[in-house]
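Working notes, beginning with the structure itself.
Every number in this text was worked out from the coordinates using simple rules, so none of it is lab data. In this text the structure is predicted, and so the values were computed from the model without any measurement. Cβ: placed from backbone, ideal geometry, glycine included. Neighbour counts: every protein chain shown.
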């Protein structure tokens, strides 16, 4: 049981690292921070980027952030939990 919790934590951390890498490449920002809060079945990823890079991250009509949410949701769903991305203002 303890091994399952450690595995889930590692999976969530790995997804957070992947999310951070994608955001860095999309926005060309160096100061990207991704943190996460774990619930029983849901993980909330909080993404913090500089103000001038938020437009690139959100994209036209929110298409970039929606695509990121779909991608992270698919990765999380494969491991049995939900994932939500929040932009920290």
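Can you give me the angle between helix 2-27 and the longest principal axis of the chain, using Cα atoms only, in degrees from 0 to 90, rounded to the nearest 10?
In the chain, helix 2-27 runs at an angle near 10 degrees to the longest axis.
Given 0.36 nm per residue, what is the gain on full extension from residue 18 to residue 42 after removing their alpha carbon distance, in nm?
Extra length from residue 18 to residue 42 when fully extended: 6.9 nm.
Out of every Cα pair in the chain, what percent are spaced more than 21 Å from each other?
Across the chain, Cα pairs with separations above 21 Å total 27 percent.
Treat the count of other C-beta atoms within 10 Å as a stand-in for reagent exposure and order 12, 54 from fewest to most. Don't skip to the answer; put the middle values down first.
Details: 12 20, 54 17.
If I rank by nearby Cβ atoms, fewest first, I get 54, 12.
Shape of region 37-89 from its Cα gyration tensor (a ≥ b ≥ c, root eigenvalues): rounded if a/c is under 1.5, otherwise prolate when a/b > b/c, or oblate? List each step's numbers first, then the result.
Working: a/c = 3.69, a/b = 1.69, b/c = 2.18.
The shape class here is oblate.
Given Cα pairs under 8 Å that are at least 6 residues apart, what percent is the relative contact order of region 2-87?
28 percent
Looking only at region 71-89, which residues have a backbone nitrogen under 18 Å from a spot 7 Å from the Cα of residue 10 in the C-beta direction?
Counting only backbone N, you get 76, 78-81.
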